[in-house]
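The values are calculated or read from the model by the stated rules, or taken from the named source; none is laboratory data. Quick caveat, the model's predicted, so the values are computed rather than measured. Cβ coordinates were reconstructed from backbone atoms using ideal geometry, including for glycine residues, and neighbour counts include every protein chain displayed. Ligands, DNA and RNA are stripped out before the accessible areas are found, and what is left, the full protein with its side chains, is counted by its heavy atoms. Shrake-Rupley method; radii C 1.70, N 1.55, O 1.52, S 1.80 Å.
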Amino acid sequence: MAGGRETCLTLIGFILICLKMVASAKSAPEIPTIDQAYSKISNSITVEWATVPGATSYLLTAEDGDTVIETMVANSPGTVTGLKAATLYEITIRSISAAGRSQASPPKQAKTVLAAPILEVSSPSSDSILVQWEAVYMAIGFSVSIMRANGLGSIWKENTTNTSLTFTSLEAGTLYTIKAYAWNANGIPGDDSTCNQRTSPRAPANIQVSFDSGALKASFSWALAEGAFNYTVMALSDSSELTCSTAFSSCTISSLQCGTEYLISVSASNDAGSSKSSSEVTLKTVACAPGRVMIQEDPPGHLSVAWSNVDLGDYYVVFVKSDDGLEVHCNTSLTQCNFLSECGFTYFISVFAYNKAGQSPLGDIFNYTTAPCCPSDINPVLVSSDRVEIVWSPVRGAELYETKAADGYNTVECNDTAPACTLSALECDTKYNITVYSFSEVRGSNMSCTPQFITTAPCSPEIKNVSRDAFSMINVHWRSTNDDATYTVTAQGEKGLYQCSSMGESCTMRGLPCGSVFSVTAVAETQAGRSLPSYSVPLETVPCCPTGLTVTQITQSVINVSWTIGRVAQTHVAVLESHTGQSKCHTHQNYCLLGCITCGINYTVTLKAISATGLTADCSYQSHFSGACCPLGVKLYRLGSNGIRIYWQASRGSASYSTDLYGSKGIFTCTPSAGLSFCDVTEIPCGDVYTVMVSPVAETGLKLTFCPKKIYSVTCSGSTLGMVIYRGKRNEE
């Protein structure tokens with residue numbers, strides 16, 4: 001009985017569960033159908049579906065294989081959040097009512113968009129913004145845009161595959177909004193990031209500097225820079241750095257140093273950083289008072305004040321006040337001033353340095369007492385080449401005068417209370433440094449008196465030799481110890497007077513007539529005077545060359561040279577020279593026959609005239625062409641009934657020829673064209689015997705007639721060609 005009851009109860013429970021399930025299936029809402037699922041934000045997916053009747057809410061589920069995220073929503077569309085970026089999810093939905101929840105809908109896949117890049121922005125310069133970010137998962141490119149934060153102006157957008165981008169040509173000190181997003185391989189954009197960045201300001205412009213020289217401080221002003229929050233002024237020198245900061249357009253730096261050059265720069269800054277420093281402006285403070293002042297009287301009557309150069313001193317003003325109340329000053333950019341002074345006075349001296357900033361502080365005041373004055377009107381009088389007399393006017397404060405004449409080796413002195421001195425036993429052509437010093441017991445000798453330089457008259461030169469060159473010029477050489485002297489050499493004879501000048505030890509006289517005798521002397525001259533003339537030297541010029549020279553070719557190998565005899569010439573040497581050799585003769589006559597001459601060679605004709613003492617004059621004349629050689633192989637050919645062609649072989653050196661035919665019925669001449677070795681004679685009678693001569697023509701146009709002649713017989717036969725018969729050579733007398 002107990003086992004039957006247990007079985008009955010189990011069956012009843014199962015039936016109740018089934019009834020409950022049936023009742024539940026009848027009351028649960030329908031399964032919704034997903035229309036679409038998409039992602040617009042990297043951490044969420046939005047789902048759209050048709051509304052299920054009776055459903056009060058919906059359960060959205062997103063699963064990526066690792067995690068499951070569920071979200072309850074009231075109606076469509078619904079969004080699942082808390083997802084991973086760029087991740088593929090499987091999306092399902094269940095409808096829920098009071099009776100229960102439906103089964104899960106068919107799944108639908110959706111992928112979240114890319115994450116937004118994390119931006120780091122900065123402004124490296126006043127006109128640029130640098131945008132940087134880390135790589136974004138699954139991104140293949142990025143879009144970055146920038147515009148002014150106030151919305152004015154246009155948007156500048158750039159696409160890139162890099163992880164940084166610089167926008168340039170921006171406005172300085174301006175706030176910009178930067179927006180960036182990544183996209184995937186399908187070109188789908190991801191989340192965007194937005195941030196603001198201000199460009200750094202430009203460097204301030206129009207910097208003005210105002211320097212207070214008395215207080216040694218400077219005020220600076222500038223034009224405000226766009227977007228600048230603060231300004232810093234820097235004054236930099238070699239030894240210090242001073243600054244001032246302000247939010248306004250001016251500030252002041254104190255405690256500047258004298259004699260210092262500062263480089264002033266102004267920079268602007270904001271939350272983006274500092275601008276570049278402005279173009280540097282130079283500020284020069286007043287110079288410090290000059291130091292190391294030195295005063296000397298060199299020479300007396302000229303007070304020299306010198307001091308050390310000070311930094312930033314553009315120029316200096318020296319004030320000199322004498323003890324009689326007279327004050328003078330000088331302006332100079334150097335470190336020395338010279339003043340006229342008078343002997344026996346005390347002067348009070350102060351030196352100031354100036355520049356554009358103003359006057360230096362007052363330094364020490366100095367005093368100086370001058371020495372006795374030097375004689376100002378020294379008058380040296382040259383008495384002779386070995387004596388000088390000097391006189392001058394008495395000067396105030398001088399009790400004694402000391403005169404010194406020095407030539408660098410020896411010194412001649414004289415001391416006297418009188419204002420005059422005679423210096424004797426001096427050397428000729430010697431430069432003396434003559435100084436007159438004044439002396440007083442209070443100051444002693446004034447050793448800065450101006451010297452006078454006097455040079456005595458020059459010494460007489462000594463002629464060493466007189467020579468002649470190949471061009472009949474006379475070279476005169478002499479010996480002299482004079483400095484900077486001009487020498488004049490004179491050759492005087494029956495044909496006149498000739499001169500040459502030089503500052504050295506020789507000169508050349510040209511144009512002296514040939515065949516003459518002269519007396520040669522030399523004189524030296526300087527600014528100090530003129531020397532005595534040297535001892536004279538006799539001079540004989542070369543004999544005169546013939547005024548005319550004639551060269552005549554006698555035969556092919558013999559040439560006759562003739563001339564007119566020149567003045568004082570006793571014999572002559574004629575030379576005919578070429579690259580093949582030389583032909584020469586020496587004669588007392590006025591002609592020479594020169595043989596063994598090679599025809600067609602260019603010769604140089606030289607003639608020497610020799611006097612009784614052996615002086616030779618070389619007389620060169622224009623080159624002479626000896627004449628062409630006679631042609632070879634002269635032949636005649638008949639041309640037609642009354643024409644003859646004369647043919648020959650040109651020989652060396654022949655440029656042109658002339659042909660003559662002598663017969664009983666006339667003389668026939670022909671000249672060939674240039675470069676040809678034949679010529680034609682027309683209208684010549686036949687039946688006659690002709691003497692034929694082919695003569696070379698000289699460059700002068702002269703026909704040379706020493707070549708051999710040939711005899712030919714021209715017959716008159718029945719043939720129109722006829723016959724030309726060689727008869728032999730004609731004997732020449």
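Could you please give the count of residues in the range 15-42 that are modelled with pLDDT under 50 and either within 60 Å of the chain's Cα centre (by Cα) or open to solvent by 90 Å² or more (accessible area, probe 1.4 Å) (or both)? Break it down stepwise before answering.
In the first step, residues of the range 15-42 are kept if they are modelled with pLDDT under 50; the result is 16-25.
Adding the requirement that they be either within 60 Å of the chain's Cα centre (by Cα) or open to solvent by 90 Å² or more (accessible area, probe 1.4 Å) (or both) leaves 16-17, 19-21.
Going through the range 15-42 one residue at a time, the tally reaches 5.
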**Q.** Single unsatisfied condition, D364 versus (1) open to solvent by 40 Å² or more (accessible area, probe 1.4 Å); (2) within 25 Å of T450 (Cβ to Cβ); (3) not in a strand (DSSP E or B)
**A.** (2)
**Q.** Residues located in the range 704-732, provided they are in a strand (DSSP E or B), modelled with pLDDT of 65 or more, surrounded by fewer than 17 Cβ atoms within 10 Å (Cβ to Cβ) and touching a Ser or Thr at 6+ places or on another chain (Cβ under 7 Å)
**A.** I711
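Here is a yes/no grid of residues against (1) part of a strand (DSSP E or B); (2) over 60 Å from the mean Cα position of the chain (by Cα); (3) surrounded by fewer than 20 Cβ atoms within 10 Å (Cβ to Cβ):
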| residue | (1), (2), (3) |
| --- | --- |
| C629 | no, yes, no |
| V634 | yes, yes, no |
| Y637 | yes, yes, yes |
| R645 | yes, yes, yes |
| W648 | yes, yes, no |
| S658 | yes, yes, yes |
| F668 | yes, yes, yes |
| V681 | yes, yes, no |
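Right, L512: over 51 Å from the mean Cα position of the chain (by Cα), modelled with pLDDT of 85 or more and not in a strand (DSSP E or B) or not?
Yes: the conditions hold for L512.
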Q: Go through the range 166-196 residue by residue and tally those that are of a type outside the set (D, E, K, R), over 30 Å from L88 (Cα atoms) and open to solvent by 30 Å² or more (accessible area, probe 1.4 Å).
A: 6
Q: Report the residue count in the range 383-409 for those that are open to solvent by less than 70 Å² (accessible area, probe 1.4 Å) and in a strand (DSSP E or B).
A: 12
Q. For the range 367-382, how many residues meet the condition of being assigned to a loop (DSSP other than H, G, I, E, B) and buried (at least 16 other Cβ atoms within 10 Å of the Cβ)?
A. 7
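Conditions (1) touching a helix residue (DSSP H, G or I) at 6+ places or on another chain (Cβ under 9 Å); (2) of a type outside the set (A, V, I, L, M, F, W, C); (3) modelled with pLDDT of 95 or more, marked per residue:
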position: G100; (1), (2), (3): yes, yes, no
position: Q103; (1), (2), (3): no, yes, no
position: P106; (1), (2), (3): no, yes, no
position: S125; (1), (2), (3): no, yes, no
position: A135; (1), (2), (3): no, no, no
position: N150; (1), (2), (3): no, yes, no
position: S154; (1), (2), (3): no, yes, no
position: L175; (1), (2), (3): no, no, no
position: K179; (1), (2), (3): no, yes, yes
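Check T417, T411, T403, T435 and return the single one that is under 30 Å from T486 (Cα atoms) and in contact (Cβ under 8 Å) with a residue 12 or more places away in the chain.
Working: T417 fails: under 30 Å from T486 (Cα atoms); T411 fails: in contact (Cβ under 8 Å) with a residue 12 or more places away in the chain; T403 fails: under 30 Å from T486 (Cα atoms).
Being under 30 Å from T486 (Cα atoms) and in contact (Cβ under 8 Å) with a residue 12 or more places away in the chain holds for just one of T417, T411, T403, T435, which is T435.
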Q: Among the numbered conditions (1) under 16 Å from A225 (Cβ atoms); (2) of a type in the set (A, V, I, L, M, F, W, C); (3) crowded, with 21+ Cβ neighbours inside 10 Å, tell me where A287 comes up short.
A: (1)
Q: Scan the range 108-155 for residues that are among the basic types (K, R) and farther than 23 Å from T79 by Cβ and jot them down.
A: R148
Q: Could you please give the count of residues in the range 58-76 that are open to solvent by 20 Å² or more (accessible area, probe 1.4 Å) and under 13 Å from R101 (Cα atoms)?
A: 1
Q: For the range 82-123, enumerate the residues that are within 20 Å of D35 (Cβ to Cβ), polar (S, T, N, Q) and part of a strand (DSSP E or B).
A: T92, S95, Q109
Q.
Exactly one condition in (1) closer than 20 Å to I34 by Cβ; (2) among the aliphatic types (A, V, I, L, M); (3) touching an Asp or Glu at 6+ places or on another chain (Cβ under 8 Å); (4) not in a loop (DSSP other than H, G, I, E, B) is false for V131; which is it?
A. (1)
Q) Restricting attention to the range 526-543, which residues are in contact (Cβ under 8 Å) with a residue 24 or more places away in the chain and either outside any loop (DSSP other than H, G, I, E, B) or open to solvent by less than 50 Å² (accessible area, probe 1.4 Å) (or both)? A) T526, A528, G529, R530, S531, S534, V537, L539, E540, T541, V542, P543
Q: Just one of (1) buried (at least 20 other Cβ atoms within 10 Å of the Cβ); (2) under 60 Å from the mean Cα position of the chain (by Cα); (3) modelled with pLDDT under 85 trips up I601, so point out which.
A: (1)
(Q) Would you confirm, using the coordinates I've provided, whether V523 is assigned to a strand (DSSP E or B), under 20 Å from I463 (Cβ atoms) and touching a residue at least 60 places away in the same chain (Cβ under 8 Å)? (A) yes
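Going by the conditions given, is T435 more than 30 Å from D618 (Cα to Cα) and open to solvent by 40 Å² or more (accessible area, probe 1.4 Å)?
On the way: more than 30 Å from D618 (Cα to Cα): yes; open to solvent by 40 Å² or more (accessible area, probe 1.4 Å): no.
No.
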Q. Taking V209 and the conditions (1) among the β-branched types (V, I, T); (2) within 30 Å of G259 (Cβ to Cβ); (3) assigned by the TED database to the domain that holds A135, which numbered condition does it fall short on, given that it satisfies the others?
A. (3)
Q: Considering every residue within the range 100-119, establish whether at least one is open to solvent by less than 40 Å² (accessible area, probe 1.4 Å) and free of Cβ contacts under 8 Å to residues at least 40 places away in the same chain.
A: no
Q. What's the number of the condition W222 fails, among (1) outside the structural domain of V144 (by the TED database); (2) more than 42 Å from the chain's Cα centre (by Cα); (3) open to solvent by less than 20 Å² (accessible area, probe 1.4 Å); (4) not polar (S, T, N, Q)?
A. (2)
**Q.** Listing of strands (runs of 3 or more DSSP E) fully contained in the range 576-624 that carry 2 or more residues being without any contact (Cβ under 8 Å) to a residue 12 or more places away in the chain, on the phi < 0 side of the Ramachandran plot and not assigned by the TED database to the domain that holds S651
**A.** 581-587
Q. Out of the residues in the range 482-503 that are under 48 Å from the mean Cα position of the chain (by Cα) and open to solvent by 30 Å² or more (accessible area, probe 1.4 Å), which is nearest to V568 (Cα to Cα)?
A. S501
